[in-house]
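The values are calculated or read from the model by the stated rules, or taken from the named source; none is laboratory data. Treat the numbers as computed from the prediction; the structure is a model and nothing was measured. Cβ placement follows ideal geometry from the backbone for every residue including glycine, while neighbour counts extend to all protein chains displayed.
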Amino acid sequence: MTPKLSPALVLDPVSGLGSRDVSVRPAGPGEVEIEVRAAGVCHSDLHVVTGDWPTDRPLVLGHEAAGVVTSVGDGVTSVRAGDHVVLSWFAPCRRCRRCVAGEAWLCTGTKAVANMLPDGTTAFADDQGEPVWPYLGLGAFTERLVVPEVAAVKVPDELPFSIGALLGCSVTTGIGAVVNTAGVRPGESAVVIGTGGVGLSVVMGLRLVGADPVIAVDLSPERLAAARRFGATHTLDGNTADVAAWCQDELGGVDHAFEAIGSPKVISTLPAMLTSGGAAVLVGMAATGATATFDPFDLADQGKRILGCNYGSSIGEIDIPKLARLYLSGRLPLDDLIGRTRPLSEAADALDDLRSNTGVRTILEP
Ligand SMILES: NC(=O)c1ccc[n+]([C@@H]2O[C@H](COP(=O)([O-])OP(=O)(O)OC[C@H]3O[C@@H](n4cnc5c(N)ncnc54)[C@H](O)[C@@H]3O)[C@@H](O)[C@H]2O)c1
Ligand SMILES: [Zn+2]
Ligand SMILES: [Zn+2]
């Protein structure tokens, strides 16, 4: 039987970005087949397209998505056909020391970041039968995919798929950065630099925990206006403001400084924004091999900290359903994060929306 082909947005190291027809093999033991209903376009997709994170193999892009389970392989117990799921891109191995210690976001056994399924293979092939690999273990800019059970997190049926998609990456990362990585407490102060999908989720998380004041910094007036709606008490234009001087002059330094761009230049300025004992939280992901600098005396003398933040230090199975419930009870204004909705055939244009800061998140619907 000829396998069914579906269009996918593929980044090929030789021929570049383009639509390609791919087949997906059935779910094997411990795997789940999913029909994608909505996929968000995150800057981590753009990082591979621009070459910040080089790839040596063709990838189906897309890692922020939600859909419906169509079938499950042997041994799968946590989901069944018909369930609505959010895809979690950092599929932990559940066996390494970090996983066993309950720190799944630090898993050392995952193959997801190497753009593979846990067994080192891919479920996708092109029309010539050649392998095409799942970006971050998912590859969601297509109609159907196969993922390990741990990457398919069941959510309530009433959760809109577009919102579920955002829970797959930006929202879980941004809110998790506040709640899990930094452990921000009510009344603590914070600055957030870069207010795209991830940075605005940081702002939302700060409002959720009662941080105050919350200063948002971006280059785009639209993004700063959005940050105000999401709970920023102050906004600064990153083109002109000396953010560190402002934080020191107005507040004597902030308790937390979140970077949600991935710019080594901006990251280097974070420690100077902090009060003693404060923490800089690196949420944005820089290009492979980039370096940032800081003043080590100031760090040691003032007890300042720099915290790395992968996936909001979150555990998909625990944090994604929790955030879904907060949305459904009206505590998270996630509808405001959604900009344009486009058909999958416009996936390449959706990456341009991201480049040009059009809307906050563009959602692709197969
Ligand atoms: N830590 C994680 O696990 C994780 C998860 C998802 C995304 N990310 C990373 O987070 C970063 C942001 O992702 P996103 O999807 O929100 O991107 P985005 O493109 O939607 O937002 C980036 C924002 O930064 C602003 N910006 C750019 N340069 C700036 C500057 N010099 N000063 C102030 N603002 C500036 C832009 O105007 C834009 O609003 C990316 O690096 C992405 O790879 C990390
Ligand atoms: Zn992402
Ligand atoms: Zn692990």
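Below, the figures for the structure above:
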read-out	value
Residue under evaluation THR341, criteria (1) β-branched (Val, Ile, Thr); (2) farther than 26 Å from TRP53 by Cβ; (3) crowded, with 16+ Cβ neighbours inside 10 Å, criterion not met	(3)
Extreme residue, surrounded by the fewest Cβ atoms within 10 Å (Cβ to Cβ), among residues of region 1-31 that are under 24 Å from the mean Cα position of the chain (by Cα) and charged (D, E, K, R)	ASP12
Residue list for region 226-263, filter: surrounded by fewer than 22 Cβ atoms within 10 Å (Cβ to Cβ), assigned to a helix (DSSP H, G or I) and more than 22 Å from the chain's Cα centre (by Cα)	VAL243, ALA244, ALA245, TRP246, GLN248, ASP249, GLU250, LEU251
Flag if VAL191 is assigned by TED's automatic domain parsing to the domain that holds ALA91, more than 17 Å from the chain's Cα centre (by Cα) and among the aliphatic types (A, V, I, L, M)	no
Top-ranked residue of region 80-112 - restricted to ones that are outside any loop (DSSP other than H, G, I, E, B) and within 16 Å of ILE320 (Cβ to Cβ), ranked as nearest to ligand 1 (Cβ to nearest atom)	TRP105
Close pairs (7 angstrom Cβ cut-off, 6 or more residues apart or separate chains): crowded, with 24+ Cβ neighbours inside 10 Å in region 142-166, of a type in the set (Phe, Trp, Tyr) anywhere	ILE163/TYR327
Any chance ARG94 is out of contact with any Pro (no Cβ under 8 Å at 6 or more places or on another chain), among the basic types (Lys, Arg) and more than 27 Å from THR288 (Cα to Cα)	no
Selected residue (only one of SER71, SER88 is in contact with a strand residue (DSSP E or B) (Cβ under 6 Å, 6 or more places away or on another chain) and within 16 Å of ligand 3 (Cβ to nearest atom))	SER88
Region 227-246, residues that are touching a residue at least 24 places away in the same chain (Cβ under 8 Å) and under 30 Å from THR288 (Cα atoms)	ALA227, GLY238, ALA241, VAL243, ALA244
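Results for (1) of a type in the set (Phe, Trp, Tyr); (2) within 16 Å of ligand 2 (Cβ to nearest atom); (3) without any contact (Cβ under 8 Å) to a residue 24 or more places away in the chain; (4) crowded, with 18+ Cβ neighbours inside 10 Å, shown as yes or no for each residue.
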| residue | (1), (2), (3), (4) |
| --- | --- |
| GLY82 | no, no, yes, no |
| LEU87 | no, yes, no, yes |
| ALA91 | no, yes, no, yes |
| ARG95 | no, no, yes, no |
| CYS99 | no, no, yes, yes |
| THR108 | no, no, yes, no |
| GLY120 | no, no, yes, no |
| ASP127 | no, no, no, no |
| TYR135 | yes, yes, no, yes |
